[in-house]
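Novice: Submitted below is the structure of interest, expressed as structure tokens.
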Amino acid sequence: MQFLKESDFAKAVIKKLIDCGWEEDVLYYPTEEELIKNWADILFKNNRQIDKLNDCPLTKTEIDQILEQIISLQSPMKLNGFINGKSVAIKRDNADDKLHYGKEVSLKIYDRQEIALGESRYQIISQPKFKAKSSILNDRRGDLMLLINGMPVIHLELKRSGIEVSQAYNQIEKYYHEGIFKGIFSLIQIFVAMQPEESVYFANPDESKFNQDFYFHWEDFNNETINYWSDVIANLLNIPMAHQLIGFYTVADNSDGILKVMRSYQYYAANGIADKVSKNNWFDGKQLGGHIWHTTGSGKTMTSFKSAQLIASSNDADKVIFLVDRKELAIQSLNEYQSFKNDNESVQATENTNILISKLKSNDYDNMLIVTSIQKLSNISEDSELLKQDDIKNISKKRL
């Protein structure tokens with residue numbers, strides 16, 4: 001189907017998004033102030049319980065407290081941790097809330113495990129207004145923006161038929177350099193450049209780090225590229241996939257200070273491993289291994305990390321062991337795992353078998369990821385106690 005007008009293409013995209021789980025009530029031409037108010041309303045509805053907002057709406061100054069936290073974090077990578085931190089703390093100044101006035105309360109903003117379960121909201125924004133950051137620049141309008149729980153997390157730039165998709169992502173870069181993705185718009189995690197016959201997606205890289213090597217086409221399970229616009233929406237931007245994309249398949253890489261998003265083959269691998277683990281009976285004595293093949297430079301460590309993280313966060317395991325064949329690789333993997341992890345996760349090394357056993361038995365760490373090598377596990381004294389079958393039975397829910 002050909003779209004001779006960009007406006008017609010935008011209407012078709014909106015309809016498809018609604019068909020794929022996004023809300024029907026589209027917000028047209030909102031300003032930043034209107035989007036902030038929309039977010040405040042959603043925060044109130046999701047936190048009106050007595051132990052949170054006590055049925056007293058957020059004041060402007062309380063919302064300003066949240067916006068100040070966003071401004072202080074600045075980078076998309078750090079804001080990924082803010083979004084996935086589940087909650088944000090404010091000090092109540094609404095005098096109507098006599099229970100919490102002058103006290104700190106914690107508000108739920110987003111839960112990556114809570115997909116379409118009543119409190120998660122999925123809104124479409126058409127042509128959001130961006131105020132220019134300089135008097136010599138014109139105000140701008142985006143094409144489409146997708147909000148989860150009131151937060152703009154995905155931005156789509158569209159082009160009509162016959163226009164190269166490169167013009168869409170070049171426009172995103174131009175807008176970024178003009179400074180329009182600030183304030184509440186700095187929460188954007190994923191950009192999508194789309195024209196009817198081709199689409200690319202990429203993580204918000206921060207202003208100075210745009211790199212077209214990390215602009216990806218979405219592919220199916222057999223690595224066949226999905227290009228047609230409605231298929232891209234059905235496979236990449238549907239609910240629950242868009243919710244999972246923000247919560248599980250973006251990676252805040254502290255080693256180089258940028259936000260990353262998984263390629264499609266990494267998604268299928270990590271998701272497949274986690275799904276297999278969730279359905280496995282670990283005590284039937286019929287354990288089978290698996291094989292995931294990656295080429296050099298294809299992101300093996302990130303795939304393994306996300307697999308381990310998905311297994312741990314789904315409560316299918318208390319601790320996950322990443323076992324490699326040599327010390328040098330263990331050290332490299334440990335450093336990468338630690339750069340990928342969230343603040344509430346623990347990534348630890350083991351020097352020998354005894355330490356591994358003690359960490360498996362310990363209840364001190366939840367969602368622990370353990371990185372070790374066969375060489376280290378062979379470093380064990382003759383009188384050391386090996387992990388026996390009785391130990392395995394006593395380690396609740398541990399997956400070895």
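The values are calculated or read from the model by the stated rules, or taken from the named source; none is laboratory data. Bear in mind that the values here come from a model prediction, so they are computed numbers and not experimental data. Note: ideal-geometry Cβ built from the backbone for every residue, glycine included; neighbour counts use all protein chains shown. Ligands, DNA and RNA are excluded from the accessible area calculation, which covers all protein heavy atoms including side chains. Shrake-Rupley method; radii C 1.70, N 1.55, O 1.52, S 1.80 Å.
Novice: Output the number of residues of segment 187-244 satisfying the condition of being open to solvent by less than 40 Å² (accessible area, probe 1.4 Å) and of a type in the set (S, T, N, Q).
Specialist: Residues meeting the conditions: 6.
Novice: A further question follows. Hey, Asp97 hits all of (1) assigned to a loop (DSSP other than H, G, I, E, B); (2) open to solvent by 10 Å² or more (accessible area, probe 1.4 Å); (3) on the phi < 0 side of the Ramachandran plot; (4) at pLDDT 95 or above but one; which does it fall short on?
Specialist: (2)
Novice: Ok, one more. Using the structure shown, decide if Ile392 is modelled with pLDDT under 75, in a helix (DSSP H, G or I) and of a type in the set (Val, Ile, Thr).
Specialist: On the way: modelled with pLDDT under 75: yes; in a helix (DSSP H, G or I): yes; of a type in the set (Val, Ile, Thr): yes.
So Ile392 fits the description; yes.
Novice: Which condition breaks for Asn170 when tested against (1) among the polar types (S, T, N, Q); (2) open to solvent by 10 Å² or more (accessible area, probe 1.4 Å); (3) touching a helix residue (DSSP H, G or I) at 6+ places or on another chain (Cβ under 8 Å)?
Specialist: (3)
Novice: Tyr110 versus (1) hydroxyl-bearing (Ser, Thr, Tyr); (2) more than 26 Å from Val26 (Cβ to Cβ); (3) open to solvent by less than 10 Å² (accessible area, probe 1.4 Å): which is the lone unmet condition?
Specialist: (2)
Novice: Here is a follow-up. For Ser230, which of the numbered conditions (1) under 19 Å from the mean Cα position of the chain (by Cα); (2) modelled with pLDDT of 95 or more fails to hold?
Specialist: Result: Ser230 fails condition (1) only.
Novice: Looking at segment 259-286 only, could you name the residues that are over 30 Å from Lys16 (Cβ atoms) and not hydroxyl-bearing (Ser, Thr, Tyr)? It would help to see each step written out before you state the result.
Specialist: To start, the set of residues in segment 259-286 that are over 30 Å from Lys16 (Cβ atoms) comprises 273, 276-286.
Answer for segment 259-286, where residues must be over 30 Å from Lys16 (Cβ atoms) and not hydroxyl-bearing (Ser, Thr, Tyr): Ile273, Lys276, Val277, Lys279, Asn280, Asn281, Trp282, Phe283, Asp284, Gly285, Lys286.
Novice: Next question. So is Lys78 in contact (Cβ under 8 Å) with a residue 40 or more places away in the chain, open to solvent by 30 Å² or more (accessible area, probe 1.4 Å) and not polar (S, T, N, Q) or not? Let's see the steps before the verdict.
Specialist: On the way: in contact (Cβ under 8 Å) with a residue 40 or more places away in the chain: yes; open to solvent by 30 Å² or more (accessible area, probe 1.4 Å): yes; not polar (S, T, N, Q): yes.
Yes; evaluated as a whole, the condition is true for this residue.
Novice: If we keep just the residues of segment 1-12 that are small (Gly, Ala, Ser) and buried (at least 16 other Cβ atoms within 10 Å of the Cβ), which is nearest to Gly142 (Cα to Cα)? Quick ask: steps written out before the conclusion?
Specialist: Taking segment 1-12 and keeping what is small (Gly, Ala, Ser), we get 7, 10, 12.
From what's left, buried (at least 16 other Cβ atoms within 10 Å of the Cβ): 10, 12.
Numbers: Ala10: 11, Ala12: 16 Å.
The residue in question is Ala10.
Novice: Here is a further query. Go through (1) modelled with pLDDT under 65; (2) more than 18 Å from Ala308 (Cα to Cα); (3) buried (at least 16 other Cβ atoms within 10 Å of the Cβ) one by one and return the number of the condition Thr353 breaks.
Specialist: Exception for Thr353: condition (1).
Novice: Exactly one of these conditions fails for Phe305: (1) of a type outside the set (S, T, N, Q); (2) closer than 23 Å to Lys276 by Cβ; (3) out of contact with any Phe, Trp or Tyr (no Cβ under 6 Å at 6 or more places or on another chain). Give me its number.
Specialist: So Phe305 meets the others, but not (3).
Novice: A follow-up question, please. Quick check on my filter: what residues within segment 316-331 are open to solvent by less than 20 Å² (accessible area, probe 1.4 Å) and assigned to a helix (DSSP H, G or I)? Spell out the reasoning first.
Specialist: The first filter runs over segment 316-331 and keeps only residues open to solvent by less than 20 Å² (accessible area, probe 1.4 Å), leaving 317, 319, 324, 330.
Selection gives Ala330 alone.
Novice: Could you give me the residue pairs with C-beta distances under 9 Å whose first residue belongs to segment 6-20 and is closer than 11 Å to Trp229 by Cβ, whose second residue is open to solvent by 70 Å² or more (accessible area, probe 1.4 Å) and outside any helix (DSSP H, G or I) wherever it lies, and which are 6+ apart or on separate chains?
Specialist: Here the result reads Phe9/Arg160; Ala12/Met1, each pair linking segment 6-20 to a residue that is open to solvent by 70 Å² or more (accessible area, probe 1.4 Å) and outside any helix (DSSP H, G or I).
Novice: Still on this structure, please answer the following. Give the number of residues within segment 190-212 that are farther than 23 Å from Phe9 by Cα and not in a strand (DSSP E or B). Let's see the steps before the verdict.
Specialist: In the first step, residues of segment 190-212 are kept if they are farther than 23 Å from Phe9 by Cα; the result is 203-212.
If we keep only those that are not in a strand (DSSP E or B) too, we end up with 204-212.
Of the residues in that region, 9 qualify.
Novice: Restricting attention to segment 66-100, and to residues there that are more than 16 Å from the chain's Cα centre (by Cα) and of a type in the set (Lys, Arg), which single residue is nearest to Glu345 (Cα to Cα)?
Specialist: First, the residues of segment 66-100 that are more than 16 Å from the chain's Cα centre (by Cα): 66-74, 88-100.
Narrowing further to those that are of a type in the set (Lys, Arg): 91-92, 98.
On the way: Lys91: 27, Arg92: 29, Lys98: 36 Å.
Among those residues, the one meeting the criterion is Lys91.
Novice: Determine the pairs where a residue that is over 13 Å from Glu345 (Cβ atoms) and part of a helix (DSSP H, G or I), located within segment 301-315, has a partner that is open to solvent by less than 10 Å² (accessible area, probe 1.4 Å) and among the polar types (S, T, N, Q) with Cβ atoms under 7 Å apart, the partner being 6 or more residues away or on another chain.
Specialist: Between residues of segment 301-315 that are over 13 Å from Glu345 (Cβ atoms) and part of a helix (DSSP H, G or I) and residues that are open to solvent by less than 10 Å² (accessible area, probe 1.4 Å) and among the polar types (S, T, N, Q), the close pairs are Thr301/Ser333; Met302/Gln266; Thr303/Gln266.
Novice: Can we say Leu334 is over 23 Å from the mean Cα position of the chain (by Cα) and either open to solvent by 20 Å² or more (accessible area, probe 1.4 Å) or in contact (Cβ under 8 Å) with a residue 24 or more places away in the chain (or both)?
Specialist: Taking the combined requirement at face value, the residue does not satisfy it.
Novice: Say whether the condition of being loosely packed, with under 13 Cβ neighbours inside 10 Å, part of a helix (DSSP H, G or I) and not β-branched (Val, Ile, Thr) is met by at least one residue in segment 29-40. Talk me through it step by step, then tell me what you get.
Specialist: Residues of segment 29-40 loosely packed, with under 13 Cβ neighbours inside 10 Å: 29, 33.
Next cut, part of a helix (DSSP H, G or I) only: 33.
Remaining after also requiring not β-branched (Val, Ile, Thr): 33.
Yes: segment 29-40 contains one or more residues that are loosely packed, with under 13 Cβ neighbours inside 10 Å, part of a helix (DSSP H, G or I) and not β-branched (Val, Ile, Thr).
Novice: Just to be sure I understand, how many residues within segment 48-62 are more than 20 Å from Arg121 (Cβ to Cβ) and open to solvent by 20 Å² or more (accessible area, probe 1.4 Å)?
Specialist: The first filter runs over segment 48-62 and keeps only residues more than 20 Å from Arg121 (Cβ to Cβ), leaving 50-51, 54, 56, 59-61.
After this cut, where a residue has to be open to solvent by 20 Å² or more (accessible area, probe 1.4 Å) as well, the list is 50-51, 54, 59-61.
Going through segment 48-62 one residue at a time, the tally reaches 6.
Novice: If you check Lys260 against the conditions, is it open to solvent by 50 Å² or more (accessible area, probe 1.4 Å), over 20 Å from the mean Cα position of the chain (by Cα) and within 21 Å of Arg112 (Cα to Cα)?
Specialist: It is false that Lys260 is open to solvent by 50 Å² or more (accessible area, probe 1.4 Å), over 20 Å from the mean Cα position of the chain (by Cα) and within 21 Å of Arg112 (Cα to Cα).
Novice: So, one more: Could you identify the single residue in Lys15, Lys45 that is under 29 Å from Glu197 (Cα atoms), open to solvent by 30 Å² or more (accessible area, probe 1.4 Å), of a type outside the set (S, T, N, Q) and assigned to a helix (DSSP H, G or I)? Quick ask: steps written out before the conclusion?
Specialist: Working: Lys45 fails: under 29 Å from Glu197 (Cα atoms).
Sole residue among the options that is under 29 Å from Glu197 (Cα atoms), open to solvent by 30 Å² or more (accessible area, probe 1.4 Å), of a type outside the set (S, T, N, Q) and assigned to a helix (DSSP H, G or I): Lys15.
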